[in-house]
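To start, the structure itself, in structure tokens.
Every number in this text was worked out from the coordinates using simple rules, so none of it is lab data. Please read all numbers here as calculations on a predicted model, not as lab measurements. Note: ideal-geometry Cβ built from the backbone for every residue, glycine included; neighbour counts use all protein chains shown.
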There are 2 protein chains.
Amino acid sequence: MKIGILGMGTVGAGVYKIIQENKKEINKYLDNDIEIQRILVRAINKDRAIFIPSELLTDNYDDILNDESIKIVVELMGGIHPAFDYIKQAIMKGKHIVTANKALMATHGKELEDLAKQKGVFIKYEASVGGGIPIINTLMDSLAANKIEEIIGIINGTTNYILTQMTNYNMSFDEALKLAQDNGYAEADPTSDIEGEDAAFKISILTSIAYGISVQPNIIEREGITKIDKNDIKYASKLGYKIKLLAATKRFNDSVGIYVYPSLVPNEHPLAAINNEFNALFVRGNAVGEVLLYGKGAGSLPTGSAVLSDIMSVTKSINNNIRNSKKSDRLDNNMEVRGIGKSQYYIRLQVIDKPGVLGKIAMTFGEYGISLDSVVQNGRDEKSVPLVFITHDIEKEVLDNTLKVVSSYEFVEKVASILKVESIEK
Amino acid sequence: MKIGILGMGTVGAGVYKIIQENKKEINKYLDNDIEIQRILVRAINKDRAIFIPSELLTDNYDDILNDESIKIVVELMGGIHPAFDYIKQAIMKGKHIVTANKALMATHGKELEDLAKQKGVFIKYEASVGGGIPIINTLMDSLAANKIEEIIGIINGTTNYILTQMTNYNMSFDEALKLAQDNGYAEADPTSDIEGEDAAFKISILTSIAYGISVQPNIIEREGITKIDKNDIKYASKLGYKIKLLAATKRFNDSVGIYVYPSLVPNEHPLAAINNEFNALFVRGNAVGEVLLYGKGAGSLPTGSAVLSDIMSVTKSINNNIRNSKKSDRLDNNMEVRGIGKSQYYIRLQVIDKPGVLGKIAMTFGEYGISLDSVVQNGRDEKSVPLVFITHDIEKEVLDNTLKVVSSYEFVEKVASILKVESIEK
């Protein structure tokens, strides 16, 4: 089976290496080899971490598009453009697609899947979520007989690495980010990761698979981790929680709640134990109950492993003369998209500590119908001190309105943090 | 797609229920329905937990075997006989097989797979290991591009439930077993679970998938949990470990090490946190790195979910006119099967405590080349006291020889426990 690869960065190098080193395993699965026919790169003469015979490289996409021996185009460039056009052109030529491109699949997945079905070719994207963790295969095939009720997980390795360093070594966000960059866990421009955009792409993709609806990532309620400081980690720990950036998609009757939000996770919850660059996904289905998948959410070989599993699956279909000819439309569900919905929240205020402050604030919460689960107050000396609350379940809007009033009090310096508190459903 | 089901116990009821309740999900995946044409039961008029129309039931296997509309036979009876014959007969008639039968697949899997390939039909058995956890799909498909280096896990829910109760509530083995039976986590005759036979069946199946070798479960080195007592749990906890019944299969150069053994798992290891009836499998592949899958290892609906995923996968193949026509033989590897190999061990002796006892025993270990990692000694009053050692890596045979000498000393009352100590490889 001849394939063309677009892009030879980290993931591309992983795919290249696996095809060389695990030939025997691949051949055993397929009865044939995977052969890289051509690789599209920006600069042919660039130094690369791995040696690639120069005759494989091209900087002209037409060399792949017009090569009829290439049956599968493997897109590993990332970003919307020109990947989107390249993939569409390949589909129009009757080529199958394997991609690791979360931004593209989250924003244009439906269009690409529709086009692929029209042309009878497959488009697969296991590597777009969770690196080597087989979450998409699991949802699509292994749990296919389930009504999925909820997916909640840690799906961004950069932020999980940063939060782990902050928690374990008492680092500030900036220190931990710097360390993540030094160790290759964060990019030079980390915005998409630390602002939760990357996680929103991924939860959009998982939502489309779990519930059959297409959700543009820009409408997903999200919050990054840039505002979290050491104090939040400290108070969370005191209260029995770890702070994690969670992405979730939950089914209600006629709606789906989706969010990416830094959350307090109870220490007993399996997700509290997921550290560093690891990802984990918790899936609840109405038959299977709870399933957790855990592994490396990024990296050359883990992500390459997922890309290969797609290439091999498509190759099997080609070998068996199967075309993408499903009658039912995967993305035809019509469900309202909501945000977090009712939840517990953690709030850290910075207040001037004097008698009556706690009472006044607690009363205001009460007037807005917010009852409190716990309060932590430190210091008693008329200085600026943190005041931490955990609420019972409330709507975010109600909380925001209440905090507007609270922040207007002269003794309230600022609302320093608002984090979600994840409850354990058992 | 019409199917025939053999057996309507716990798992059968789960399959029946899922087919009724998740019609929409199943139909969306397949473009068609799954229809139960006939169910083979021992007694047609028996009271059942769920209502099944009587015209579906039969006590004559010929009603399924000779019904040409039935394309898939779903075997959920368990046990070797008559399941083995029934499945062979169905294959000879050109019917595809889905089974949850671990004993059968572990002992006669190769013969059944060969026969199925000869006749061009599929035989699938996701539900035979790990209940709803998609471990077989993951190994077979998602990690197909990997050289699997190791699988280690908790794959027997009964023993994990018992060990969890002993650990959390200071119960004896007998008390915990009784509770497990009362709560439906252990059978009236729990032998196969508590002696590690069930886990040996499952690790034999996983070995065949991971390494392409067929290993009879009766040659697998195994030890159950019946000899573990409260003291072991207490000392393990003191030393920073949890006791779990682990099943493992590890690849060496030309050999595979397989065992089922009660083991001390360091508290930091993810498997230490897997409690009650839950199962978890840790897989290491040379590309993907470490992946952990976690979920309910048994139960009507979780296991039913896995059975359905196989039924749906086979249905898809039938819809696409695919026959089982793989050229390469999955089980053609030739590798020596070994046991645990070198490992750390936990040893609890019961000794008469008097000066020089620890020294004499430690010296004997030293003479046999066994160095000690830690020692716990309690009491100092010439009475019978426990003496606990953790060794560095040694061969089991060397340990056994040494303990033969040690147990001959007059101040050694007995060798009360020998448990494996699992190291963390990172």
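Highest average first, the peptides B:327-340, B:80-93 ordered by how many other beta carbon atoms sit within 10 Å of their residues are B:80-93, B:327-340. From helices alone, the protein assembly as shown scores -10500 deg cm²/dmol at 222 nm; the rule is -39500 (n - 2.57) for each run of n ≥ 4 DSSP H residues, then divide by the residue total.
If the viscosity is 1.567 mPa s and the temperature 4 °C, what Stokes-Einstein diffusion coefficient in µm²/s follows for the stretch B:117-174 when Rh is the Kirkwood radius over Cα pairs?
Roughly 89 µm²/s, to the nearest whole number.
Label zone of B:M335 (point 7 Å out along Cα→Cβ, amide N under 13 Å): in the stretch B:284-327 this covers B:284-286.
With a Förster radius of 30 Å applied to the beta-carbon distance between B:R42 and B:M92, the computed FRET efficiency rounds to 0.80.
For the stretch A:1-128, which semi-axes, largest first and in whole Å, follow from the square roots of 5 times the eigenvalues of its Cα gyration tensor?
Taking √(5λ) for each Cα gyration eigenvalue gives 22, 18, 14 Å.
Once both labels are positioned 7 Å from their Cα atoms along Cα-to-Cβ, the gap between A:Q181 and A:K227 label points is 2.3 nm. For the residues of B:125-131, the average number of beta carbons from a partner chain within 10 Å of their own beta carbon is 1. A Cβ-based charge dipole, computed about the Cα centre of chain A with Lys and Arg at +1 and Asp and Glu at -1, lands at about 680 debye. Measuring between alpha carbons in the structure, the pairs from A:K316/B:K23; A:K110/A:K420; B:K227/B:K404 lying more than 23 angstrom apart are A:K316/B:K23; A:K110/A:K420. Compared with the dominant principal axis of the Cα atoms in chain B, helix B:300-319 is inclined by about 50°. Take B:E268, move 7 Å from Cα toward the beta carbon, and the resulting point lies 2.5 nm from the same point in each other copy, nearest first.
In the stretch A:344-421, the C-alpha radius of gyration followed by the widest Cα-Cα span (Dmax) gives 11.4, 34 angstrom. Taking one quarter of the surface of the convex hull spanned by the alpha-carbon atoms of the stretch B:77-159 gives a direction-averaged projected area of 6.4 nm². With a ≥ b ≥ c taken as the square roots of the eigenvalues of the C-alpha gyration tensor of chain B, please select rounded if a/c is under 1.5 and otherwise prolate if a/b is larger than b/c or oblate if it is not? Note, shape of chain B comes out prolate. Rg ratio for the protein assembly as shown: its Cα radius of gyration over 2.2 N^0.38 Å, N being its residue count, equals 1.01.
Residue by residue along B:298-310, Cβ atoms of other protein chains within 10 Å of the local Cβ number 5 on average. Between A:N320 and A:D114, the simple spin-label model (points 7 angstrom out along Cα→Cβ) gives 2.8 nm.
Counting other C-beta atoms within 10 Å, and keeping those with at most 10, which DSSP coil chymotrypsin sites (Phe, Trp or Tyr not before Pro) do you find in the stretch B:1-82?
In loop regions of the stretch B:1-82 (DSSP not H, G, I, E or B), the sparsely surrounded chymotrypsin sites (Phe, Trp or Tyr not before Pro) are B:F51.
Projecting the Cα atoms of A:I162, A:A236, A:I225 onto the charge dipole of the stretch A:135-296 (Cβ charges, centred on the Cα centre) puts A:A236 farthest toward the positive pole. Using a cutoff of 8 angstrom between alpha carbon atoms and counting only pairs six or more residues apart, the relative contact order for the stretch B:135-297 works out to 35 percent. Using C-alpha pairs under 8 Å with a sequence gap of at least 6, the mean separation divided by the residue count of chain A gives a relative contact order of 17 percent.
Label-point spacing for B:D332 across the identical copies (point 7 Å from Cα in the Cβ direction), in nm and ascending order: 4.4. For the stretch A:98-223, the Stokes-Einstein estimate of translational diffusion at 20 °C and a viscosity of 1.002 mPa s comes to 135 µm²/s, using the Kirkwood hydrodynamic radius over alpha-carbon pairs.
Note on the stretch B:125-192: dipole from Cβ charges, positive end direction compared against B:S172, B:G130, B:A145; the farthest Cα belongs to B:A145.
Summarised in one figure, the compactness ratio Rg/Rh of the stretch B:150-203, Cα atoms and Kirkwood Rh, is 0.99. Relative contact order, whole percent, for the stretch A:344-421 stands at 51, derived from Cα pairs under 8 Å and 6 or more residues apart.
Based on the reciprocal of the average 1/r between different C-alpha atoms, the Kirkwood radius for the stretch B:135-297 equals 16.0 Å.
Computed from the C-beta positions of B:Q216 and B:F51 and an R0 of 41 Å, the FRET efficiency is 0.50 to the nearest 0.05.
Compute the label zone of A:M140 within the stretch B:110-139: residues whose backbone N is under 16 Å from the point 7 Å along Cα-to-Cβ. The answer is B:137-139. Neighbouring Cβ atoms from other chains, within 10 Å of the Cβ of residues in A:17-27, number 3 on average.
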